[in-house]
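J.: I'd like to ask some things about the structure below.
The values are calculated or read from the model by the stated rules, or taken from the named source; none is laboratory data. All values reported here derive from a predicted model rather than from experimental measurement. Cβ atoms come from the backbone with ideal geometry, glycine included; neighbour counts cover every protein chain shown. The protein model used for the area step is the full one, side chains on, heavy atoms only, and it has no ligands, DNA or RNA in it. Shrake-Rupley method; radii C 1.70, N 1.55, O 1.52, S 1.80 Å.
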Amino acid sequence: MTHVRQPVPNRRHQTGAQSINITRGTVTAVNSSRKSASAVFVACAATLAMTLTACGSEAETPAASSTSAIKTAPSTVTQMSTDANSCPTTPPAAGGAAEWTLPGATGSVAVTGSTDTAAPLVNVTAPFSVAETQVHTLVAGSGPVVPGTATVSVCYMGVNGRDGSVFDSSYQRGEPVDFPLNGVVPGFQKAITGQNVGSTVAVAMTSADGYPNGQPAAGIQPGDTLVFAIKILSAS
């Protein structure tokens, strides 16, 4: 994967390569080694990011340059894992039942969220696509509700529904990412806003809620449905 500038200011990072296990008709996306922090779903050009204006999204809100741009009450941070400064890199155990299975307009996806010790698992029967963005809470957290104006710290993995490839993963890097919700693509906002801190969440987003014009550097084409498995570590 080509790596480029990371637009998220508080990104923590450095990485290696990603690994995708492919079986007949089903693509299993797992996390393995660490890859460059410059490849995030919040990227521009070659970094995959959710930045609204510079990365081809049709949304009008400009990406925030720092957490100080978020107009919120004093910070409320809830740590829900043994180490809120890390994301588990260990692949999940095989054979367990998925926490969310979603038939699409084409194909299907099955998602198992991360735990304190294992990364998430996303199984795609490709090509997978949805007509409307779908959000599912895999495991509800017990922390405060995340407002749409918050700055959040999350672990996440992004998978392209067209071919099941992992285009970005903080689990591979082993470190979470901090960003303001008003500086990411609409599908990611929909996935996190209103959730409780500590929750694991999955979202299957339409191209309109992700990258309507595509993001070639990350292998995303116009019309691609994207799937994210997310762990919300904190919100402020």
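J.: Return the residues of the stretch 134-164 that are over 25 Å from Ala94 (Cβ atoms), open to solvent by 30 Å² or more (accessible area, probe 1.4 Å), assigned to a loop (DSSP other than H, G, I, E, B) and of a type outside the set (Gly, Ala, Ser); say none if nothing qualifies.
T.: Pro144, Pro147, Thr149 - these are the residues of the stretch 134-164 that are over 25 Å from Ala94 (Cβ atoms), open to solvent by 30 Å² or more (accessible area, probe 1.4 Å), assigned to a loop (DSSP other than H, G, I, E, B) and of a type outside the set (Gly, Ala, Ser).
J.: Next question, about the same structure. Looking for something open to solvent by 40 Å² or more (accessible area, probe 1.4 Å), within 18 Å of Ser199 (Cβ to Cβ) and at pLDDT 95 or above - is there at least one such residue anywhere in the stretch 84-100?
T.: The answer is yes, given that some residue of the stretch 84-100 is open to solvent by 40 Å² or more (accessible area, probe 1.4 Å), within 18 Å of Ser199 (Cβ to Cβ) and at pLDDT 95 or above.
J.: Restricting the stretch 204-233 to residues that are within 15 Å of the chain's Cα centre (by Cα) and of a type in the set (Gly, Ala, Ser), which is modelled with the lowest pLDDT?
T.: Looking at the filtered set, the residue picked out is Ala218.
J.: Related question: Could you check the stretch 106-133 and list, in sequence order, the residues that are assigned to a loop (DSSP other than H, G, I, E, B), open to solvent by 10 Å² or more (accessible area, probe 1.4 Å) and touching a Gly at 6+ places or on another chain (Cβ under 9 Å)?
T.: The answer is Val130, Ala131, Thr133.
J.: May I pose another question? From the list Gly183, Gly194, Gly174, pick out the single residue that is touching a Cys at 6+ places or on another chain (Cβ under 6 Å) and touching a residue at least 24 places away in the same chain (Cβ under 8 Å).
T.: Criteria check complete, one pass: Gly174.
J.: Please tell me if Met80 is open to solvent by less than 60 Å² (accessible area, probe 1.4 Å), closer than 25 Å to Asn196 by Cβ, under 17 Å from the mean Cα position of the chain (by Cα) and at pLDDT below 50.
T.: no
J.: Show the residue pairs that are 6+ apart or on different chains and have beta-carbon atoms under 7 Å apart, the first residue being within the stretch 206-233 and more than 22 Å from Thr193 (Cβ to Cβ) and assigned to a loop (DSSP other than H, G, I, E, B), the second being among the hydrophobic types (A, V, I, L, M, F, W, C) and open to solvent by less than 20 Å² (accessible area, probe 1.4 Å).
T.: Close Cβ pairs (under 7 Å, with a partner that is among the hydrophobic types (A, V, I, L, M, F, W, C) and open to solvent by less than 20 Å² (accessible area, probe 1.4 Å)) amount to Gly214/Ile220; Gly219/Phe167.
J.: OK, next. When you scan the stretch 176-203, how many residues do you find that are of a type in the set (S, T, N, Q), open to solvent by 10 Å² or more (accessible area, probe 1.4 Å) and over 11 Å from the mean Cα position of the chain (by Cα)?
T.: Number of matching residues: 4.
J.: Of the conditions (1) out of contact with any Pro (no Cβ under 9 Å at 6 or more places or on another chain); (2) touching a residue at least 12 places away in the same chain (Cβ under 8 Å); (3) small (Gly, Ala, Ser); (4) over 24 Å from Gln221 (Cβ atoms), Ser108 clears all except one; give me its number.
T.: Unmet condition: (4).
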